[in-house]
Every structure is written in C-alpha cells, then in structure tokens.
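Below you'll find the structure, written out as structure tokens, and then a few comments.
The values are calculated or read from the model by the stated rules, or taken from the named source; none is laboratory data. All figures in this text were calculated on a predicted structure; none of them were measured in a lab. Every residue, glycine as well, gets a Cβ built from its backbone with ideal geometry; the counts of neighbours run over all protein chains shown. Only protein heavy atoms, including side chains, enter the accessible area calculation; ligands, DNA and RNA are left aside. Shrake-Rupley method; radii C 1.70, N 1.55, O 1.52, S 1.80 Å.
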Amino acid sequence: ESESEAKVDGETASDSESRAESAPLPVSADDTPEVLNRALSNLSSRWKNWWVRGILTLAMIAFFFIIIYLGPMVLMIIVMCVQIKCFHEIITIGYNVYHSYDLPWFRTLSWYFLLCVNYFFYGETVTDYFFTLVQREEPLRILSKYHRFISFTLYLIGFCMFVLSLVKKHYRLQFYMFGWTHVTLLIVVTQSHLVIHNLFEGMIWFIVPISCVICNDIMAYMFGFFFGRTPLIKLSPKKTWEGFIGGFFATVVFGLLLSYVMSGYRCFVCPVEYNNDTNSFTVDCEPSDLFRLQEYNIPGVIQSVIGWKTVRMYPFQIHSIALSTFASLIGPFGGFFASGFKRAFKIKDFANTIPGHGGIMDRFDCQYLMATFVNVYIASFIRGPNPSKLIQQFLTLRPDQQLHIFNTLRSHLIDKGMLTSATEDE
C-alpha cells in the first residue's frame, strides 16, 4: 500500500536523489580574472592554479587585516554577511540538485527560518552583552523580557506556513527539504553565533583561532604541493600526509609567535564591552594574568639541548598550542566533511565566488568547527564570573532585593574575616 501511495504522490525525494546521482559532475567554468589569465598564460595548469590561489589568498589575508583594523562592530557585520552567503550556497545546492523548483514557498520559508533563528541568537547576545542599554530603553526592555516567547511565536508561524504549503505529490520531498533547511541552520547560524561570542571575550580569541586555520590551510597546501607523495584520505585525493604533518608543525609555531605578539596589546586581549557613556564598544582593561609575561622552568631533557633553564612567555601561548593543535589535526575534518558532502551531490565547489577557491563555504568549512571548539574551550578552561555583569543585574533588582543581597554579602564577608565587626556596627 505504501509503495502505491508513493507512486500516487508523484515525484519523491528518492526520485530526485536518483536523478542527482546520475547527473554528471559539473565542470566549473574558468572564473579566473582575465588579467591573471594573461599574466600566467605560459605556465602549466598546475603552476597556474598555484599562482592564482596564492595571489587571491594574499588578497583575502589583506582584507582580513583591514576588517580587524576597523574594529569589532565591522567584524560582527562581516560574520553576519559570511553566514548569509554560506546559507545561500547550501540552500541553493538543495534547490538545484533536488530540482525543488515546484515546491511551494520553499525558498521563502528557508529565508524566513534564517531570519527567525538569527533573531533568537542575536537577541540573546544583545540581552547578555548590552544589558544596561536594554534596560535603559523601554522598547528594548520589553523585547528582551519576552524575547524567547517572540522567537518561538515566529518559528511557529513558519512551521504552520510549511504545513499549509504541503502538496500531495511533493510530500516526501518537502519534508526532505524542511530537514535540509534546519540542518543548514544548525551548521551555519549556530556556529556563526559562537564566533560572535568568542569575539566578545577578546579579539585575540577571534583572531588567533581563525589565523591558525588559515595558516594550516596554506602550509598544508604548500607542503603537499612541493613534498606530497602519500594520499591522506579518499574523500580529498589531493590531501597528503606530508601536507597534513607539515601543516601541523607550521601552525603550532605560527600560533606561538602570533600569540606572543598579540598578548602585548590591550586592544586584542581585553573583552569587547559596550560603554554606556559613549554608546560605543570599548576594548580597554587591565590585562588578566593570562596576558602577563611569566617565567617557566624548562624540562631537564630540553635544557640539555637548548641550554636554557627558564623561558619567559605569556600563559596564553600555552593555550595557543591547544588551539593550533585542534586547528591542524581536527579542523581539517571539517574540510573532509565538506568534501564528502560535495561528492555526495556531485559538485566541485559550493559556489564560484572566489576564483581558485570556490565559494565562501569552501573557505569556512573548517572555521565553523574551530569556532565551536574555541567557545567550549573558553567556557571550560578560561571564563569565570563577570563582576560587571553581576553588578548590572544587581542594579535592576527592586530596592528590597538589593538590600537583602547586600546584607547577605556583608554577613558572608564578616564570616570570612574580610570585614570587621566594627565595620558591621558602622
């Protein structure tokens, strides 16, 4: 009965999938800028690709430095733009591969759900990091108070719209694409939200992890290009063990050097906070012990080799080893996952936005995995209670609640011996 019902329903997801599997691998058009084509016309395709990738990589690195110079607000806008472009690339693949042209409201609902999820996550961020501003403005205070209810209501509207859009001959395919949209939201929007959270902990927690992934990508390519002989994984035939190992050691060294340079600047190590007096972001603070030079004893085995007994370094550099190790050993699996995804749907790249590199998602497949690790790492090993946030919340309480907390805190400090009984009498 179920088989006959599926036939009556017409085209199903499996029908579209079989068409996708039989479709030939599309040949990507040469989207290299004409000026580069003319300049590199005498080179073989291998070396031409090397130069194209190299030149455009340097251009992207220069752009990365520019947006860092422009400050945290611009960085957050860029993260939002990257998120939207990655979502567009993945949704477009589903739209094209599964021939979803006739699905009612498919694209409209996909973008609506993107809007809902962003409203939820960024609303949470605004409430958390702009607490005093939210409490000062009445409309924002109301939106903050009922934020989760509003977010859930918006999602329910989209859910009901999806149910009302169901068409008998497309049931299975519509549910398939509904799941496609939600998995895309989970991968793209959630991870970009974590990137923003890392940025608020201090720009160094944003720049160092991203730079380590970029360094590993470049150095793995360089080592693989010149020394690569042994294939690493079938999902990505061009990846080699030589590139993988060379990229690891180069990334660890790079992470140590970059961390040493950045740990000396307050603008990089201080948390990004909102200043209510100037209505702007500030990155000025007294650096924590994590970013102060300390002396460490070198193990005896290493002492005999280098002749040093101690070394002065920032504690953050030790954490950078964990970050660069993850970026070089685990981060590439995000790229392998993306390669498997592209092979499953017989596409070469997510898009052709960047000549020689593919789409934006092709450049950020490892970054999203890295963002999650950094956020978990900070929560597990770095972050402690934030006194300024506690004070902000304390000031929003009723006077009787404030007095109760004050008396409780005073009694606690007296018991600890931090306040004297004379102070209590006063």
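Just to be sure before I move on: is residue 380 open to solvent by 70 Å² or more (accessible area, probe 1.4 Å) and either closer than 30 Å to residue 255 by Cβ or out of contact with any Leu (no Cβ under 6 Å at 6 or more places or on another chain) (or both) in the structure I sent? Outline the logic, then answer.
Numbers: open to solvent by 70 Å² or more (accessible area, probe 1.4 Å): yes; either closer than 30 Å to residue 255 by Cβ or out of contact with any Leu (no Cβ under 6 Å at 6 or more places or on another chain) (or both): yes.
Spelling it out, residue 380 is indeed open to solvent by 70 Å² or more (accessible area, probe 1.4 Å) and either closer than 30 Å to residue 255 by Cβ or out of contact with any Leu (no Cβ under 6 Å at 6 or more places or on another chain) (or both).
Take the conditions touching an Asp or Glu at 6+ places or on another chain (Cβ under 9 Å), more than 26 Å from residue 82 (Cα to Cα), in contact (Cβ under 8 Å) with a residue 24 or more places away in the chain and of a type outside the set (S, T, N, Q) and apply them to residue 223. Does it pass?
Yes, satisfied.
How many residues are under 25 Å from residue 93 (Cβ atoms) and either of a type outside the set (A, V, I, L, M, F, W, C) or at pLDDT 90 or above (or both) if we restrict to segment 164-176?
As a first pass, look at segment 164-176 and keep what is under 25 Å from residue 93 (Cβ atoms): 165-167, 169-176.
Among the residues that remain, those that are also either of a type outside the set (A, V, I, L, M, F, W, C) or at pLDDT 90 or above (or both) are: 165-166, 169-172, 174-176.
Residues meeting the conditions: 9.
Go through segment 179-236 and count every residue that is over 20 Å from residue 65 (Cβ atoms), in a helix (DSSP H, G or I) and open to solvent by 40 Å² or more (accessible area, probe 1.4 Å).
Number satisfying all stated conditions: 9.
May I ask you to list the residues in segment 317-347 that are more than 24 Å from residue 241 (Cβ to Cβ) and assigned to a loop (DSSP other than H, G, I, E, B)? Step through it out loud before you land on a result.
Keep residues of segment 317-347 that are more than 24 Å from residue 241 (Cβ to Cβ), which gives 317-320, 344-347.
Once the filter is applied, which keeps residues that are more than 24 Å from residue 241 (Cβ to Cβ) and assigned to a loop (DSSP other than H, G, I, E, B), segment 317-347 yields 345, 346, 347.
Check residue 328 against each of (1) without any contact (Cβ under 8 Å) to a residue 24 or more places away in the chain; (2) under 18 Å from residue 250 (Cα atoms) and name the one condition it does not meet.
(1)
Can you pull out every residue in segment 252-271 that is small (Gly, Ala, Ser) and assigned to a loop (DSSP other than H, G, I, E, B)? Give the steps one after another, and end with the answer.
Of the residues in segment 252-271, the ones small (Gly, Ala, Ser) are 255, 259, 263-264.
263, 264, listed by residue number.
Restricting the search to segment 383-421, which residues are within 27 Å of residue 209 (Cα to Cα), assigned to a helix (DSSP H, G or I) and open to solvent by 80 Å² or more (accessible area, probe 1.4 Å)?
Taking segment 383-421 as the starting set, the residues that turn out to be within 27 Å of residue 209 (Cα to Cα) are 383-389.
Checking the rest, the ones that are also assigned to a helix (DSSP H, G or I) come to 387-389.
Across segment 383-421, the qualifying residue is only 387.
Filter segment 284-316 for residues that are part of a helix (DSSP H, G or I) and either in contact with a Gly (Cβ under 7 Å, 6 or more places away or on another chain) or not charged (D, E, K, R) (or both) and give the result. Spell out the reasoning first.
Restricting attention to segment 284-316, the residues satisfying the condition of being part of a helix (DSSP H, G or I) are 289-291, 300-306, 315-316.
290, 291, 300, 301, 302, 303, 304, 305, 306, 315, 316 - these are the residues of segment 284-316 that are part of a helix (DSSP H, G or I) and either in contact with a Gly (Cβ under 7 Å, 6 or more places away or on another chain) or not charged (D, E, K, R) (or both).
Take residue 347 and decide whether it is of a type in the set (A, V, I, L, M, F, W, C), touching a Lys or Arg at 6+ places or on another chain (Cβ under 7 Å) and in contact (Cβ under 8 Å) with a residue 12 or more places away in the chain. Explain how you work it out, then say what you get.
Values: of a type in the set (A, V, I, L, M, F, W, C): yes; touching a Lys or Arg at 6+ places or on another chain (Cβ under 7 Å): no; in contact (Cβ under 8 Å) with a residue 12 or more places away in the chain: yes.
It is false that residue 347 is of a type in the set (A, V, I, L, M, F, W, C), touching a Lys or Arg at 6+ places or on another chain (Cβ under 7 Å) and in contact (Cβ under 8 Å) with a residue 12 or more places away in the chain.
Is it the case that residue 167 is surrounded by 15 or more Cβ atoms within 10 Å (Cβ to Cβ) and either touching a helix residue (DSSP H, G or I) at 6+ places or on another chain (Cβ under 8 Å) or in contact (Cβ under 8 Å) with a residue 40 or more places away in the chain (or both)? Can you show your working first?
Values: surrounded by 15 or more Cβ atoms within 10 Å (Cβ to Cβ): no; either touching a helix residue (DSSP H, G or I) at 6+ places or on another chain (Cβ under 8 Å) or in contact (Cβ under 8 Å) with a residue 40 or more places away in the chain (or both): yes.
No: the conditions fail for residue 167.
Would you pick out the residues in segment 237-251 that are outside any helix (DSSP H, G or I) and open to solvent by less than 50 Å² (accessible area, probe 1.4 Å)? Please lay out each step first, then the result.
Quick first cut of segment 237-251, residues outside any helix (DSSP H, G or I) only: 237-240.
Once the filter is applied, which keeps residues that are outside any helix (DSSP H, G or I) and open to solvent by less than 50 Å² (accessible area, probe 1.4 Å), segment 237-251 yields only 240.
Residue 101 - would you say it is open to solvent by 20 Å² or more (accessible area, probe 1.4 Å) and at pLDDT 90 or above?
For residue 101, the condition - open to solvent by 20 Å² or more (accessible area, probe 1.4 Å) and at pLDDT 90 or above - is not met.
Which of the following residues is surrounded by fewer than 16 Cβ atoms within 10 Å (Cβ to Cβ) and either closer than 17 Å to residue 87 by Cα or of a type in the set (Val, Ile, Thr) (or both): 330, 354? Give the derivation first.
Details: 354 fails: surrounded by fewer than 16 Cβ atoms within 10 Å (Cβ to Cβ).
Residue meeting the stated conditions: 330.
Identify the single condition in (1) touching a residue at least 40 places away in the same chain (Cβ under 8 Å); (2) open to solvent by 40 Å² or more (accessible area, probe 1.4 Å); (3) not in a strand (DSSP E or B); (4) not basic (Lys, Arg) that residue 274 does not satisfy, given that it satisfies every other one.
Here residue 274 meets the rest and fails (3).
I need a count of the residues in segment 274-315 that are basic (Lys, Arg) and under 33 Å from the mean Cα position of the chain (by Cα).
So the first thing to find is which residues in segment 274-315 are basic (Lys, Arg), and the list is 292, 309, 312.
The next check asks that each one be under 33 Å from the mean Cα position of the chain (by Cα); those that pass are 292, 312.
So the count comes out to 2.
Looking only at residues that are in contact with a helix residue (DSSP H, G or I) (Cβ under 6 Å, 6 or more places away or on another chain) and not polar (S, T, N, Q) in segment 365-377, which one is most open to solvent (accessible area, probe 1.4 Å)?
Out of the qualifying residues, it is 369.
Which of the following residues is modelled with pLDDT of 90 or more and not small (Gly, Ala, Ser): 149, 106? Spell out how you get there, then give the answer.
Details: 106 fails: modelled with pLDDT of 90 or more.
Going through 149, 106 in turn, the sole match is 149.
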